[in-house]
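This report concerns only the one structure given below.
The values are calculated or read from the model by the stated rules, or taken from the named source; none is laboratory data. Values in this document were obtained by computation on a predicted structure and should not be read as measured data. Glycine also receives a Cβ, built like all others from the backbone with ideal geometry; neighbour counts cover every protein chain displayed. These accessible areas exclude ligands, DNA and RNA; they are computed on the full protein's heavy atoms, side chains included. Shrake-Rupley method; radii C 1.70, N 1.55, O 1.52, S 1.80 Å.
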Amino acid sequence: MSMSTFRTAVVRTAAGPDSIEIIDVPLVDPGPGEARVAVAAAAINPVDLAVAGGFFHASGLINQPAHTGLGWDFAGTVAATGPGVDLAVGTRVAGLVTGFDRDFGTYAEQLVVRAADLAVVPAGLDLVAAATVPLNGLAAAQLVDLLGVAPADGNRLLVIGSAGAVGGYVAALAQDRGWQVTGLARAEDEEFVRALGADFTTDAEPGWDAVADTAVLGEGGLALVRDNGAYVGVRPNAAPNAERGITVDVVETVPDGPRLGDLLARTASGALPARVHAVVPLDQVADAHRAVAKGGVRGRFVLTP
Ligand SMILES: NC(=O)c1ccc[n+]([C@@H]2O[C@H](COP(=O)([O-])OP(=O)(O)OC[C@H]3O[C@@H](n4cnc5c(N)ncnc54)[C@H](OP(=O)(O)O)[C@@H]3O)[C@@H](O)[C@H]2O)c1
């Protein structure tokens, strides 16, 4: 069967879930170094709600003539490859597409991506679970890179929002670099946070050697860092101003196929959590966005196109 168009969810005038529509766009062949993936699963992330809500249009960071795409995470199977790509058709892969300003994203039946950004999904990990890993696993890994190896004389790291997707991964991965991790989350999240090997609090006192602010508290997160400590945030345009000798960094996640392969392997082995809240057909994307917007969801909504 040859298919000359495919379905994708976009916004024309970004105004929240009601403005999401499903359109047909032309199928594109992969160029050199690229693969076309038949998407089996695409996770819904906070950034998608912000794009659909017009936040980045209002900030001048999106300037699409016709429509703006949604979706950063995906897992699926290789449907076609361009020159120089050594991946068999049918290989199960996952990956990340970054950037707000694009005509469509991973909420789609098909996607052409750089093959170097893909990772093969290990046997034993289903594609729905795999689709929850790329954006937030890589964000956490790259955030932990910014923190670096914990100094022996000051290795107490507070992870704010440690029941969230990024925060859960940071709490787990920072321990590899010698950080002694405490997760700040809501009382009902204690079991999840402790299962990551972290200590737990609902109410942190100031004085931490480092703070990873995945709940975007901003100034409130910075206030918990000791003098000359480290703060790492997750919103490139909303970092608090440095004070008291504190190093302030913000992660800006980039695709990384090999690193993603490692995160997927650790997910398949159970060393990293894989949390799926619900699997939803692409047609119900607007309802799923509404549900995420209410807050308090643990695990991702995953769209199946
Ligand atoms: N810079 C990058 O490249 C990058 C990459 C990925 C993600 N991000 C950003 O990182 C942020 C987190 O993403 P995510 O997917 O991890 O979101 P998430 O899964 O919704 O996690 C956020 C967590 O923070 C919790 N939280 C909020 N306020 C809190 C508070 N005062 N005390 C304790 N916990 C609190 C939330 O709990 P409730 O649900 O109960 O409120 C939730 O568990 C988002 O802003 C996202 O856009 C940035």
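Flag: VAL47 does not match the condition of being out of contact with any Phe, Trp or Tyr (no Cβ under 8 Å at 6 or more places or on another chain) and at pLDDT 95 or above.
Mind checking which residues of region 46-78 are aliphatic (A, V, I, L, M), touching a Pro at 6+ places or on another chain (Cβ under 9 Å) and surrounded by fewer than 24 Cβ atoms within 10 Å (Cβ to Cβ)? Full working, then the answer.
Start the filter on region 46-78 by keeping residues that are aliphatic (A, V, I, L, M), which leaves 47, 49-52, 58, 61-62, 66, 70, 75, 78.
Checking the rest, the ones that are also touching a Pro at 6+ places or on another chain (Cβ under 9 Å) come to 49, 52, 75.
Scanning region 46-78 gives a single hit, LEU49.
Evaluated against (1) within 12 Å of the ligand (Cβ to nearest atom); (2) touching a helix residue (DSSP H, G or I) at 6+ places or on another chain (Cβ under 8 Å); (3) open to solvent by less than 50 Å² (accessible area, probe 1.4 Å), GLY257 falls short on exactly one condition, (1).
Residue-level analysis places ALA42 outside the set of residues that are under 16 Å from VAL285 (Cβ atoms) and assigned to a loop (DSSP other than H, G, I, E, B). Of everything listed in (1) of a type outside the set (Ser, Thr, Tyr); (2) farther than 30 Å from GLY33 by Cα; (3) within 11 Å of the ligand (Cβ to nearest atom), the single unmet condition for ALA210 is (3). Among residues that are assigned by TED's automatic domain parsing to the domain that holds ASP283, over 23 Å from the mean Cα position of the chain (by Cα), farther than 16 Å from THR304 by Cβ and touching a residue at least 40 places away in the same chain (Cβ under 8 Å), GLY90 is not included. Taken together, the residues in region 172-201 that are within 11 Å of the ligand (Cβ to nearest atom), of a type in the set (A, V, I, L, M) and open to solvent by less than 10 Å² (accessible area, probe 1.4 Å) amount to 1.
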